Amino acid sequence: MKAISLVSGRQLSLVNHDELKTLPVDGVEIDVVLSGICGTDLAVLSGREEGQLGIVRGHEAVGVVVNVGTGVTRTHIGMRVVIDPNEYCGHCEYCTSAKTHLCNGGMGAGLDIAGVNKHGTFAERFVTRERFVHGIPDDMNWETAVLIEPVACILNNIEQASIKAGERVLLLGSGPMSLVAQILLRAIGVHTRATDLNTFRIEFGRSLGLDIVLPEALERHGQVPEKFDVVIDTVGNQLEIAASRINRGGRIVLFGFNGNYQYSLAVKHFLVNAISIIAAGEYNQHFPLALRMAHRLPELGKLVTHRYPLEAHPTAFDRLLNDPCAPMIKSVFTPNLKYLSR
C-alpha cells in the first residue's frame, strides 16, 4: 500500500509499505479516510525536532474498519472510527497507576506513538488494537472527527493547568491547535485572546467569533500592559512574551514544540509572583471526553481547509513550511477518497 515515510532527517517520500500478513487477535484494520498534518510533523521537517527514519508519519486519523481480529468484541467491519495513536502498554508501573501517558512500554522504551516511533496513518490502511479505536457518532462529519486527537491534547492541557470558567487566557499563535484550544476554552466559559502574524488566520478566527489580534495590538502605549490568568505558548519559543503577560499567581502553559529553543528563567521573579510553568505531556485517557466535546462543537470541522492525496505530499508540506502567510488552516491527507464521496 502507499504511505508517506520519513526517509531522511528532513525528507518525506511516498513508499510502498507492506501490510501485516496476520491480524492480531485484538487487531483492527482501518481504511484511513482523513489524516491530519500536525505541527510535530512540521517540526521534524524544519529541523526543530528529530524524527525516526523509516517510520510512516501521521497520528491524527479517522477511517472505516475493514477487518477485525478474532478477539474483537465492540468494533465491527464498516464502523466509522477515530484512532488514538498513543498506544500505551497497559502493564508497566505507570499504566497500572492510571498514568498511561507516562507509559515506559514495560521495558523502558517509552510510549508507542503512531507516526512518531511506530508506523502511523499517512497511509492507505492502518492496523491497531481495539482499545485504541473509538466509534464516531453517525451525525459527526469526517472533518470534525479528525480533530478529536487535537481536542484530547488541548483537554489535557486545560486539565493540567486547572483552567476554569471566567478566567482570561492569552494564546500566543493561532495555528490549528490554538484555534481548537480557543473554541474549546470558549465552550467552557473562558475568555480568550490570541495573537498571530498571519492575517488570514486572524480573519478566519474572527469569522468564528474568536478574539485574535496582531502581536503589537497587545501593546498599550503609555498604559500598563494587559495581563492574563493563563498564557499558552502554542508556538514553542514565546516564553519571554508569556512571562511579560502573566498575572501574579498565573500559569504559563508550554505547548508548541521546538527542541532548539531555550529560555533563561528569571527564577526570583517567578518565585515572588507565584507563577507556575505547566508542561502537561501527552493526554491521559482523554479520548472519550474529546469525542463528547467535539460532538458538541461541529464548528471544529471548519478548520479543515485543505485536502491532499498522499501523492501530493510535497505540495502540502512545501506550502505549510515555506509560506507562513498562506490562506490555510488545517491540512489533511485523503488516502481513500471513496468514503468521502458517499
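The values are calculated or read from the model by the stated rules, or taken from the named source; none is laboratory data. Nothing here was measured: the structure is a model prediction, and the numbers come from that model. Note: ideal-geometry Cβ built from the backbone for every residue, glycine included; neighbour counts use all protein chains shown. Keep in mind that these areas ignore ligands, DNA and RNA; they rest on the heavy atoms of the full protein, side chains included. Shrake-Rupley method; radii C 1.70, N 1.55, O 1.52, S 1.80 Å.
With the charge dipole of region 23-104 set up from +1 on Lys and Arg Cβ and -1 on Asp and Glu Cβ about the Cα centre, the Cα lying farthest toward the positive end among the listed residues Ser35, Val82, Cys95 is that of Val82. Taking the charge dipole of the chain about its Cα centre, with +1 at Lys and Arg Cβ atoms and -1 at Asp and Glu Cβ atoms, the residue from Leu111, Ser244, His286 reaching farthest to the positive side is Ser244.
With a cut-off of 18 Å on the backbone N, the residues of region 263-282 near the modelled label site 7 Å out from Arg248 along Cα-Cβ are 267-277. Amide H contacts of Ile278 (H built 1.01 Å from N, in plane; Pro and chain starts excluded): Ile252, Val253, Leu254 sit under 5 Å, all sequence-distant by 5 or more or on other chains. Multiplying the residue separation of Met1 and His295 by 0.36 nm and subtracting their alpha-carbon distance yields 102.6 nm.
Semi-axes of the equivalent ellipsoid for region 69-171, computed as √(5λ) from the eigenvalues of its C-alpha gyration tensor and ordered from largest down, come to 25, 22, 13 Å. One chain, two ends: Ala326 and Ser264. Fully extended at 0.36 nm per residue, the span grows by 19.1 nm beyond their Cα-Cα distance.
Remark: accessible surface ordering of Lys227, Lys21 (largest first) is Lys21, Lys227, probe radius 1.4 Å. Annotation for Lys99 and Ser276: the two label points, set 7 Å from Cα along the Cα-Cβ direction, are 1.6 nm apart. Scattering from region 253-321 was approximated by placing one identical point on each alpha carbon and applying the Debye formula without solvent; log10 I(q)/I(0) at 0.22 1/Å stands at -1.07.
Shape analysis of region 45-125 yields a ratio of the Cα radius of gyration to the Kirkwood radius, Rg/Rh, of 1.02.
Translational diffusion of the chain, estimated by Stokes-Einstein from the Kirkwood radius over alpha carbon pairs at 37 °C in a medium of 0.692 mPa s, is 157 µm² per second.
Under a model in which nothing but the beta-carbon of Lys, Arg (+1) and Asp, Glu (-1) is charged, the chain shows a dipole of about 540 debye around its Cα centre. The 3J(HN,Hα) values that the Karplus relation (6.51, -1.76, 1.60; θ = phi - 60°) gives for region 56-68 are, in residue order, 6, 6, x, 9, 10, 8, 10, x, 10, 5, 10, 6, 9 Hz. Gly and Pro appear as x.
For Val224, the solvent-accessible surface with a 1.4 Å probe is about 110 Å², rounded to the nearest 10.
Hey, if we sort Arg296, Arg319 by accessible area with the 1.4 Å probe, largest down, what's the order?
Numbers: Arg296 145, Arg319 70 Å².
Putting Arg296, Arg319 in descending order of accessible area: Arg296, Arg319.
For Ala3, the amide hydrogen comes within under 5 Å of the amide hydrogens of Val15, His17, counting only partners 5 or more places away or on other chains and with H modelled in the peptide plane. Here region 1-82 has an Rg and Dmax of 14.9, 43 Å, counting Cα atoms alone.
Taken one residue at a time, the phi angles of region 131-138 give Karplus couplings (6.51, -1.76, 1.60, θ = phi - 60°) of 5, 9, 10, 10, x, 9, x, 4 Hz. Gly and Pro are set to x.
Restricting attention to region 61-206, close to 60% of DSSP beta bridges with both partner residues there are antiparallel. Near Thr192, the amide H atoms lying under 5 Å from its own belong to Val169; only residues 5 or more places off or on other chains count, and H is placed 1.01 Å from N.
Projecting the Cα atoms of Gly135, Tyr308, Val230 onto the dipole axis of the chain, where Lys and Arg carry +1 and Asp and Glu carry -1 at the beta carbon, places Val230 farthest toward the positive end.
Rounded to the nearest 500, what is the chain's calculated 222 nm mean residue ellipticity when only DSSP H runs of at least 4 contribute -39500 (n - 2.57) each, over all residues? The helix contribution divided over the chain gives -6500 deg cm²/dmol.
Separation of the alpha carbons by more than 21 angstrom is noted, of Lys2/Lys302; Lys99/Lys330; Lys21/Lys118; Lys164/Lys227; Lys227/Lys302, for Lys2/Lys302; Lys99/Lys330; Lys227/Lys302. Charge dipole (Cα centre; +1 on Lys/Arg Cβ, -1 on Asp/Glu Cβ; no other charges) of region 195-282 amounts to roughly 300 debye.
When the P(r) of region 186-238 is calculated, the portion above 19 Å amounts to 34% of the C-alpha pairs. Each peptide in 110-123, 146-159, 70-83 was scored by the mean count of other Cβ atoms within 10 Å over its residues; highest first, the order is 146-159, 110-123, 70-83.
Need one number: % antiparallel among DSSP beta bridges in the chain, to the nearest 5. Numbers along the way, then the final one.
Details: 32 of 56 bridges.
In the chain, DSSP labels about 55 percent of beta bridges as antiparallel.
Rounded to the nearest 20, the Cβ-based charge dipole of region 1-154 about its Cα centre (Lys and Arg +1, Asp and Glu -1) stands at 240 debye. Pairwise Cα distances in region 154-196 exceed 13 Å in 48 percent of cases.
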